[in-house]
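The values are calculated or read from the model by the stated rules, or taken from the named source; none is laboratory data. Bear in mind the structure is a predicted one, so any value in this text is a computation, not a measurement. Quick reminder, even Gly has a Cβ in these numbers, built from the backbone with ideal geometry, and neighbours come from all protein chains shown. Please note that ligands, DNA and RNA were not included when accessible areas were found on the heavy atoms of the full protein model with its side chains. Shrake-Rupley method; radii C 1.70, N 1.55, O 1.52, S 1.80 Å.
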Amino acid sequence: MNDNMRRDEAMRKALFYAFGCATLLFVTANVGAAQDAAKIYQDNCATCHDTGANRAPARDTLARMQAERILEVIERGSMVTMANRRSAAERRALAEYLSGKSLSEPLNITPPASAMCPAGGKFDMKSGGQWGGWGNGGPNTRYQSKAGFSASDVSKLKVKWVFALPGELSAGGQTAIAGGRVFFGSPNGYVYALSADSGCVHWYFQAASGVRGALSFGRINTPNGARDAAFFGDLNANVYAVDAATGALIWKVKVEEHPLARVTASIALHNGRIFVATSSGEEIASVATDYQCCTFRGSLSALDANTGSRVWKTYLVEEPKPIRKNKAGAQMYGPAGVGVWSSPTVDPDRNVVYVTTGNNYVEPTSDNSDAFIAFDRDNGKILWKRQITAHDAYTSSCRMPDKTNCAEETGPDVDFASSAILVSLGNGKRALVAGQKSGVVHAVDPDRNGELLWSVRIGKGGTIGGVQWGSAADSNNIYVALSDAGRISRTYTASSDIDSKVGGGMFALRLKDGERSWYVAAPPCGDRPRCSPAQSAAVSAIPGVAFSGSIDGHLRAYAAADGKVIWDFDTIQTYKSVNGAPAAGGSLDGPGPSIGGGLLVVNSGYAGAGGMPGNAIIAFSVDGK
């Protein structure tokens, strides 16, 4: 095997680790489903099942099982942690391959005719309530001043409708609300626009890969006239503009050519430009010892909203160069990493865009990692940076028994996964505030080159600890949910299970100085399987109330004044869905509720990091009306 063949095979294996077979099929076409399932088994399952490791049933034992039973174990049983990065189709192919039998029920993810809205009706993007993008506007406050219901109504919130994502183990990305519709993406790449009133499907669109970020909305000019557009990215680093009324594609561009690049962050939009951040799956790919780690570079791009053409692109690390060979003989490169996982924050008053950044993957490390960074909106020039944690080089191989592709000086993996929130402190003073995986919340001054205003520790932090997906802020406080989830690593894999005993807690910190206004401990899990009290999901707020979801499946409403829980809904149950597919709730992780037009919409189900699987998009309204 020559060097090029070795490199291609290493990349193929890395793609399996990072994204699963769905991504692989885009780069190696004409491969049969049976071959894909065999490859998935060999690369991800054989280490245990062919050797009897960890009491794993042998291959001939699996062959005596029914395909339905294997699929049940993969999707709802002990193997869900290992299988959650596989698509629904791949999991089914694997069950059929291992059993040698066919599943009795086919998988159909296309909405049936009975789930579609009646034809006709106009779309007015400005009508009704709106929650656009990740944080409901450029400052990313995740605060809704016009919820359509008040704090006194929260105790009366009831399920209005539920939409099921067929065959999924996790419930897609952050939802958005506009023009009387609810928009969201899914792991299988379907993007939906539903009626806010009934949950019927106005349109659906098939992206090239999974869609995790929220849709953002804006009015653009096209050769066919002005149109209301919805913008989003996918896990193949494509960015799309579609007609918000019909779902018709307006344009599609690829913002990064690295094969493991992805757009996990929601698109930010301002004054005819959209701002797109890139992250990657290379951290996970590094567990393959023959993978040439690492070459991905995080970036921020500005695109013309009308056409998708690039205005500028700024990389956050220099071009990687060969640094050494690992013990498996693979060439290693650096610097690399510094992905941006969270949505950019727009500051129209200063003509600036801010991001918070991820960790390095290998040495040499960059001073742009684990940092607040300010970019000139017009040309992408970095105006200032404030690094919070230096020398944080980390990949998933660092927690594997074989640490071949781990940096020589391993960092703590405490990068930023949450967006910076731009707030006013009064008297003309402002702050950018963000929580870090370290368990510390920081405020910096955007008008004094990121000068540190305050830092407050609220937890121990860790790779899935500290502040994960984001906080919410009103004029007085930032409302911060603490994860501090415990990780129980699965031997021989990049996966982990959750510790049911540790994590969680809700905090209100004063914006002006970081002083604690209140703290409420998380309720324990009891004996619920795959449960954790950790509160990893993003927080959302309305006047007088902050909402926080937990890995235990509960969505709770906290009084902004004192932290008293005024509403608690357990999403772990089965539902009758408006699209007829089986619907079940699971862990609340990743996105938080979107709120507007009298609706509160939440995603229930998150099988990653050991959480509970689920596939439900749940819409609440006062008394369910």
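Structure above, values below:
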read-out: From phi via Karplus (6.51, -1.76, 1.60), per-residue ³J(HN,Hα) for the range 141-150 in Hz, x at Gly/Pro; value: 6, 6, 10, 10, 7, 10, 6, x, 8, 9
read-out: Area accessible to solvent at ILE488, 1.4 Å probe radius, in Å²; value: 80
read-out: Most to least accessible of LEU269, LEU303 (protein chains only, probe 1.4 Å); value: LEU269, LEU303
read-out: Relative compactness, the range 290-375, computed as alpha-carbon Rg over 2.2 N^0.38 Å; value: 1.29
read-out: Å² per residue, accessible surface of the chain at 1.4 Å; value: 37
read-out: Rg(Cα) / (2.2 N^0.38 Å) computed for the range 256-336, rounded to two decimals; value: 1.31
read-out: Mean Cβ neighbour count within 10 Å, used as a protection proxy, ranking 337-350, 375-388 highest first; value: 337-350, 375-388
read-out: Ranked packing of 318-325, 402-409, 473-480, most packed first, by mean Cβ within 10 Å; value: 473-480, 402-409, 318-325
read-out: Extended-chain gain in nm, criterion 0.36 nm per residue less alpha-carbon gap, ASP60 and SER152; value: 27.2 nm
read-out: Farthest positive-ward along the chain dipole, Cα basis, beta-carbon charges - from VAL601, TRP384, PRO524; value: VAL601
read-out: Taking only Cα atoms of the range 102-162, radius of gyration then Dmax in Å; value: 18.2, 53
read-out: Convex hull volume per residue for the chain, taking Cα atoms only, in Å³; value: 145
read-out: 27 Å tail of the calculated P(r), the range 306-450, as % of Cα pairs; value: 29
read-out: Hits among lysines - C-alpha to C-alpha of LYS126 under 17 Å, sequence gap 8 or more where chains match; value: LYS146
read-out: Sequence ranges 189-195, 220-226, 351-357, ranked by mean other-Cβ count within 10 angstrom, highest first; value: 351-357, 189-195, 220-226
read-out: Under 16 Å from the LYS381 label point (7 Å along Cα→beta-carbon), backbone N, the range 280-321; value: 312-315
read-out: Contour excess over end-to-end distance, with Cα ends at ASP402 and ALA46 and 0.36 nm allotted per residue; value: 126.5 nm
read-out: log10 of Debye I(q)/I(0), alpha-carbon scatterers only, for the range 419-509 at 0.11, 0.19 Å⁻¹; value: -0.37, -0.84
read-out: Solvent-accessible area, 1.4 Å probe, carbon plus sulfur percent, for the range 413-474; value: 46
read-out: For the range 78-196, fraction of C-alpha pairs farther apart than 18 Å, in %; value: 67
read-out: Filter on LYS160/LYS576; LYS254/LYS385; LYS158/LYS576; LYS325/LYS385 - keep pairs with C-alpha separation over 20 Å; value: LYS254/LYS385; LYS325/LYS385
read-out: Leading residue at positive end of dipole, the chain (Cβ point charges), from PRO412, GLY137, MET79; value: GLY137
read-out: Fraction of alpha-carbon pairs over 27 Å apart in the range 483-625 - percent; value: 23
read-out: Residues whose placed amide H lies under 5 Å from that of ILE323, excluding near-sequence neighbours; value: MET332, TYR333, GLY334
read-out: Check: the chain dipole with +1 on Lys, Arg Cβ and -1 on Asp, Glu Cβ, in debye; value: 520
read-out: Nearest-10 value in Å² for the accessible area of TYR143, using the 1.4 Å probe; value: 60
